[in-house]
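The values are calculated or read from the model by the stated rules, or taken from the named source; none is laboratory data. Here the structure is a predicted model, which is why all the values come from computation and not from measurement. So basically every Cβ, Gly included, is an ideal-geometry build from the backbone, and we count neighbours across all protein chains shown.
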Amino acid sequence: PTIHPCGVCEPCVAIAESRHIDVLEMDAASRTGIDDIREIIDGVRYAPASARYKVYIIDEVHMLSKQAFNGLLKTLEEPPPHVKFIFATTEIRKVPVTVLSRCQRFDLRRIETPELVAHLKVIAGNEGVKIEDGALALVARAAEGSVRDSLSLLDQAIAHQEGETITAESVRGMLGLADRGRVLDLFEKVMGGKIADALTDLSQLYNVGADPLVVMQDLLETTHFLTRLKVAPDAEGFFDGGSSEAKRAAEMAGKLSVPSLTRAWQLLLKGLFEVRDSTHPLKAAEMALIRLAYAADLPPTDKLVRDVLDHPPLEGGSKSAQQISGRGPVARSDPSPKMTSSFSTLPQGEGGIAAQRAPEPTASVQNAPLIRTLEDIAALAIAKGAPVLKVHIENDMHLVSLEPGKLEFRPSLRAPRTLSGDLAQKLKEWTGQRWMVTVAKDGGAPTIAESKKNAHQAKLDAVLQEPMVRAVLDRFPGSEVIAVRDLIQDDIAAPVAEDDSE
């Protein structure tokens, strides 16, 4: 065996043409059962017909069933000297450890885009196909470092060829991609708060065949590339180094801050999942862009909290809630019952251009209730006369995260679809602050009702372990403990009886 085969001898030619009798390949994605592995086990006992070794190549080996792995394990422990196994997989974590421990592992790297472009250019030349360098770059980038996938895409591009030369525009249409320059336009308008123009650009991209999911992916890649440019100016990736788009991206990176870019990444990533799972991808993409446009110029949450802690309102209302920005003269609090915007003069985030927003009437934050837990929100709901919302908060909300101005939860199956919107509106009315209430698809703590039930059950189980209680239950068959009450708290809460002797 050699790592540099000659490619001209009979075994090399036979292997290259997939007709060598001693080199057997099996696709585990379609042959996953124990019966398929049994064929291999029965065949390994026979010596190779012409080669030095009999080679079994199992592609996508992680697709084998548990029974198939167990059947193959004995052969891997004591393989015949004339047999070699080659396992290929893209999901190494799905291969059992017992199999991995008996293999020599080789991690194959992805082919770099310039190297893959050069390889495709040679193949296109051999086939007599004229194709633009930009089209080859699109094919190589879509293949994500896989030579096989790049060849499949190149073959598809040749099949879609209309003129003498395959253009980048035709490949972009074949792949459902958006133009890089138009993606930059869209990203710049969203970060600048130009929502109407951004939605128009998105509709135009959709009308020319761009998939909303691919547009969201391109926006994510743009955000990642701009962020890398901020921390590593020599970064390469989404845009070609010498292209006009790359130069424009570098200029945009200089105007945006890292916090604004990381916030954009989080919102776009959440929007990507929403677009992927939605039955109306375009509408989901539009809502994601609207959400990003309104959040682009907000200061970071930790800065808001820090400003509030550093500038608490003084007693008597001598310091306005608007002074938390630390800018401008001190404004006296208005004793009139007019509603004021609690964050009207907050500093804009460094990353985006402020979106034009009309002032929204909200309650003053001077006497805003302190919310730290979901129980605080439930108590606030009952105090504000919203018992139905309080029931949904306690029974249908699995809390994922809670911080000032932001709440994320996973709703139960019976929760109303408008719960997040209703809660955000009520919190804004009750606290005088804008709340971002989002819905998660998984995770979250038990609901308040479930926590109370679990706590009650734990207390009941602890009481049942008491020797005196067990003795009483044994003495009276059929009896049971229904409730547990804390006598100390009851005694404290009960009024003290008056002494008649005094």
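Specify which of the listed residues (A47, A68) is outside the structural domain of S146 (by TED's automatic domain parsing), in a helix (DSSP H, G or I) and among the aliphatic types (A, V, I, L, M).
The unique qualifying residue is A68.
What are the pairs, 6+ residues apart or on separate chains, where a residue within the range 178-197 that is on the phi > 0 side of the Ramachandran plot has its Cβ under 7 Å from a residue that is among the hydrophobic types (A, V, I, L, M, F, W, C)?
From residues that are on the phi > 0 side of the Ramachandran plot, the pairs are G193/A293; G193/A296; G193/I353; G193/A354; G193/A355.
Filter the range 443-475 down to the residues that are more than 27 Å from R410 (Cα to Cα) and basic (K, R), then identify the one that is farthest from the chain's Cα centre (by Cα). Full working, then the answer.
The first filter runs over the range 443-475 and keeps only residues more than 27 Å from R410 (Cα to Cα), leaving 459-475.
Then drop every residue that is not basic (K, R), which leaves 459, 470, 475.
Working: K459: 39, R470: 51, R475: 58 Å.
Among those residues, the one meeting the criterion is R475.
Return yes when A198 is modelled with pLDDT of 75 or more and surrounded by fewer than 14 Cβ atoms within 10 Å (Cβ to Cβ) and no when it is not. Spell out the reasoning first.
Numbers: modelled with pLDDT of 75 or more: yes; surrounded by fewer than 14 Cβ atoms within 10 Å (Cβ to Cβ): no.
No, not satisfied.
Only one of these is in contact (Cβ under 8 Å) with a residue 12 or more places away in the chain, surrounded by 15 or more Cβ atoms within 10 Å (Cβ to Cβ) and among the small types (G, A, S): A68, A29. Name it.
A68
Of these, V97, V83, which one is out of contact with any Lys or Arg (no Cβ under 9 Å at 6 or more places or on another chain) and either more than 22 Å from S146 (Cβ to Cβ) or at pLDDT below 85 (or both)?
Selected residue: V97, the only one of V97, V83 that is out of contact with any Lys or Arg (no Cβ under 9 Å at 6 or more places or on another chain) and either more than 22 Å from S146 (Cβ to Cβ) or at pLDDT below 85 (or both).
Of all residues in the range 32-54 being closer than 27 Å to T90 by Cα and aliphatic (A, V, I, L, M), which is surrounded by the fewest Cβ atoms within 10 Å (Cβ to Cβ)?
The qualifying residue surrounded by the fewest Cβ atoms within 10 Å (Cβ to Cβ) is I41.
Considering every residue within the range 431-441, establish whether at least one is within 23 Å of T373 (Cα to Cα), in contact with a helix residue (DSSP H, G or I) (Cβ under 7 Å, 6 or more places away or on another chain), among the charged types (D, E, K, R) and touching a residue at least 60 places away in the same chain (Cβ under 8 Å).
yes
Restrict the check to the range 243-252 and report whether at least one residue is of a type in the set (D, E, K, R), in contact with a Phe, Trp or Tyr (Cβ under 7 Å, 6 or more places away or on another chain), assigned to a helix (DSSP H, G or I) and modelled with pLDDT under 85.
Quick first cut of the range 243-252, residues of a type in the set (D, E, K, R) only: 245, 247-248, 251.
Right, trim to in contact with a Phe, Trp or Tyr (Cβ under 7 Å, 6 or more places away or on another chain) and you get 245.
Still in the running and assigned to a helix (DSSP H, G or I): 245.
Checking which are modelled with pLDDT under 85 leaves us with 245.
Scanning the range 243-252, I find at least one residue that is of a type in the set (D, E, K, R), in contact with a Phe, Trp or Tyr (Cβ under 7 Å, 6 or more places away or on another chain), assigned to a helix (DSSP H, G or I) and modelled with pLDDT under 85, so the answer is yes.
Give just the number: which of (1) in contact with a strand residue (DSSP E or B) (Cβ under 9 Å, 6 or more places away or on another chain); (2) not in a helix (DSSP H, G or I) does E162 not satisfy?
Single failed check for E162: (1).
Regarding the range 164-174, can at least one residue be identified that is modelled with pLDDT of 85 or more, out of contact with any helix residue (DSSP H, G or I) (no Cβ under 8 Å at 6 or more places or on another chain) and either of a type outside the set (S, T, Y) or within 26 Å of D277 (Cα to Cα) (or both)?
Within the range 164-174, none of the residues are modelled with pLDDT of 85 or more, out of contact with any helix residue (DSSP H, G or I) (no Cβ under 8 Å at 6 or more places or on another chain) and either of a type outside the set (S, T, Y) or within 26 Å of D277 (Cα to Cα) (or both).
Would you mind listing the strands (runs of 3 or more DSSP E) fully within the range 368-446 where at least 2 residues are surrounded by fewer than 16 Cβ atoms within 10 Å (Cβ to Cβ), outside the structural domain of E274 (by TED's automatic domain parsing) and not aliphatic (A, V, I, L, M)? If you could, list the steps in order and put the result at the bottom.
Working: elements: 397-403, 406-411, 436-439.
Those strands (runs of 3 or more DSSP E) span 397-403.
Taking the range 84-97 on its own, how many of its residues are part of a helix (DSSP H, G or I) and in contact with a helix residue (DSSP H, G or I) (Cβ under 6 Å, 6 or more places away or on another chain)?
Of the residues in that region, 1 qualify.
Among the residues of the range 29-69, write down those that are over 20 Å from S18 (Cβ atoms) and of a type in the set (K, R). Full working, then the answer.
Filtering the range 29-69 for residues over 20 Å from S18 (Cβ atoms) gives 32-35, 37-38, 41-42, 44-47, 62-69.
The answer is R38, R45, K66.
Spot the failing condition for P233; the list is (1) within 26 Å of S260 (Cβ to Cβ); (2) surrounded by fewer than 16 Cβ atoms within 10 Å (Cβ to Cβ); (3) at pLDDT 85 or above, and only one is missed.
(3)
Which members of the range 108-159 meet the condition of being outside any helix (DSSP H, G or I) and closer than 24 Å to I92 by Cβ? Please lay out each step first, then the result.
In the first step, residues of the range 108-159 are kept if they are outside any helix (DSSP H, G or I); the result is 108-112, 127-132, 144-146.
Matches in the range 108-159: L108, R109, R110, I111, E112, E144, G145, S146.
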